[in-house]
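The structure appears below as structure tokens.
The values are calculated or read from the model by the stated rules, or taken from the named source; none is laboratory data. Computed from a predicted model, the values in this text were never measured in an experiment. Methodologically, a virtual Cβ is constructed for each residue, glycine included, from the backbone with ideal geometry; neighbour enumeration extends over all protein chains shown. Keep in mind that these areas ignore ligands, DNA and RNA; they rest on the heavy atoms of the full protein, side chains included. Shrake-Rupley method; radii C 1.70, N 1.55, O 1.52, S 1.80 Å.
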Amino acid sequence: MIEILDLILFSLLGVLVGIGMGLLPGMHINNVIPLILSFSLFFTSSYQLVVFIISVAITDIFIGYIPSIFLGAPEEKTSLSVLPGHRLLLEGRGYEAIKLTIMGGVGSLLISLIIIALLANTFSYLYEISRPYVQYLITGVVIFMLVSERKLRKILPAMLIIFLSGIFGVIVLGSTIVKPQNVLFPVLSGMFGLSTIIISMNERSSIPEQKKDSELKITKWQLLKSCLLGSVAGIIVGFLPAIGVSQAATMVQYVGGMGESRSFLVTLSGINLSNEAFSLISLFLVNNPRSGASVAIQRILTQLTFYDVILLVGVICFVSGIAAFLAMFLGKRIPNFLAKLNYKYLSISVISFVLIMIFLLTGFYGLLIAFTSTSIGLFCAFLEVRRSHCMGVLLIPSILFFSGLNGIVLSILGI
Amino acid sequence: MQKNFLTLICFLTSVVGLILIYIAAINIKPVEIKISQVNSELIGRSVSIQGIITQKNLHSEGHVFLMISDDESDIQVPIFSSLMNDLKKENITESDFKINEAISVTGLIDEYRGQLQILPRKTSDIKIGD
């Protein structure tokens, strides 16, 4: 019998930590899982730890949109190439952007839970029959990502990034210079966290005046369609190894015509939430973890029962409700605070914190990996191609692994 | 001009970083330890162990599960089908893993369902009869 009050308490504790993580730019649940696990002695039951990790992961997703929308927006002269969230911010509709991500997250989460419940028995079968073809599916995604750049002058740099990050992934994931369970921390922090913060430090330091009305300039039909797309894409992302939210968002933009900023934000948030939910539930459905949080939970609980899954879903829903409310509350107030904050100091503090954590958890070699991954992330940004091409770091090793070529490549490299 | 320079610098630092990581990766050798020294603190580390095969189980999908023992302890060594396929190319099949045969295995220490195991990843990680 698990103490219910205990679970609520640790959920709320997770929400608190998730708020802090979500508000700090460049931080992600995968970055802190090794740290959380190193504090596992302070948790008296494995369920407290599981509930805590899920709460941090879900809250981080909801709150994380606040800094990503309100910080690092470029100047108007470059606004044609800005991200959808920044585009709304520049129009003074930053709060609306936050609300759209919340609606997308909650809506897609509910839809995806219904889809997962309806198809629960078929996932295991789909997993088995798709396994021999996974390498082809991932290769297809890589090709799609390249072609979606459209122009040859963009496709070639994108190929270079995928190639460079692919070699980096093969060497880093294939070697044992850093413990495999911690290696993604410096890899992903550098490519997507540190490099983004470094770039945004040179961008706009002030936020345009924001409207705080409750108007949502999206039709109910667009909202429903975006949530549905987000749910389906999130489940597919959760199902396929190495495919990330950014690749799915790119594909949905083309397949579902999600080019419009508002629909895109709803779908992106939907993919994120439903992917996290499916990744956790997939521990039971296909006995295979699909996210940083689910890997940690599999290590803690070893074998999940049906009632464990009920608990996971309950915690996801409970925390989503609280996190959505908090994101709405903070989304209205934090921008004023962020506007007063010295963004450069905040960025330098976050970079220092991440580097110290990397050193403590992965040592000198971790710092070397972070240095290289940050360079690749910056290189990608300067080449002006999508940062998601850096996911070659996972995509290429996954293609090799599922083709059965991993051992041969490692032998050739002498690792 | 400044942007081109920064792009070039980032490319060069990426390549230099990759080369340094590669040099480190090929020069860091697995630690040789006794099976009894394997513990959960070593999860994720690459080690080499020596012992004799005391148990062999074949899986329908082509995986081979060995139990390797020395004087003091034993540990499970799963050889997954992809690695078995690579071994076959070097004329090593599951029948070459004989009970009481000496074997040395290099691999990552992992935990599966609460049990520690060593995961070899390439053909050179397994040496029979040494």
- [ ] Give me the percent of the accessible area of the range A:98-203 that comes from carbon and sulfur atoms, probe 1.4 Å, all protein chains in place.
- [x] 71
- [ ] Using a Gaussian network model of chain B whose springs link C-alpha atoms within less than 10 Å, name the residue from B:Ile52, B:Ile118, B:Ile19 with the highest mean-square fluctuation.
- [x] B:Ile19
Open item on the list: Just to confirm, what accessible area per residue do you get for chain A at 1.4 Å probe, in whole Å²?
Closed with: 42
- [ ] Take the Cβ-Cβ distance between B:Gln37 and B:Arg113 as r, set R0 to 35 Å, and report the resulting FRET efficiency rounded to the nearest 0.05.
- [x] 0.95
Task: Orientation-averaged projected area, Cα convex hull of chain B (nm²) - done: 11.0
Open item on the list: In square angstrom and rounded to 100, what buried accessible area do you get between chains B and A, total over both, with the probe at 1.4 Å?
Closed with: 3100
- [ ] For the range A:282-332, restrict the atom set to alpha-carbon positions and state the Rg and Dmax in Å.
- [x] 13.7, 42
- [ ] Mind checking which lysines have their Cα closer than 16 Å to the Cα of A:Lys99? Skip sequence neighbours fewer than 8 apart in that chain.
- [x] A:Lys211, A:Lys212, A:Lys217, A:Lys220, A:Lys332
- [ ] Using a 10 angstrom cutoff on alpha carbons, build the Gaussian network for chain A and name the most mobile of A:Gln247, A:Gln135, A:Gln181.
- [x] A:Gln181
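Report, as an integer, the average count of C-beta atoms from other chains found within 10 Å of each Cβ along B:4-15.
Per-residue shielding by partner chains comes out at 6.
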TODO: Would you mind telling me the antiparallel percentage of the DSSP bridges in chain B, rounded to 5?
DONE: 90
TODO: Sum -39500 (n - 2.57) across every DSSP H segment of at least 4 residues in chain A, then divide by the residue count to get the 222 nm mean residue ellipticity, nearest 500.
DONE: -25000 deg cm²/dmol
Task: Largest to smallest principal axis extent of the C-alpha atoms in the protein assembly as shown, angstrom - done: 77, 62, 41
Open item on the list: If the elastic network links every pair of Cα atoms under 10 Å, which of B:Gly62, B:Gly44, B:Gly114 fluctuates the most in the Gaussian network model of chain B?
Closed with: B:Gly114
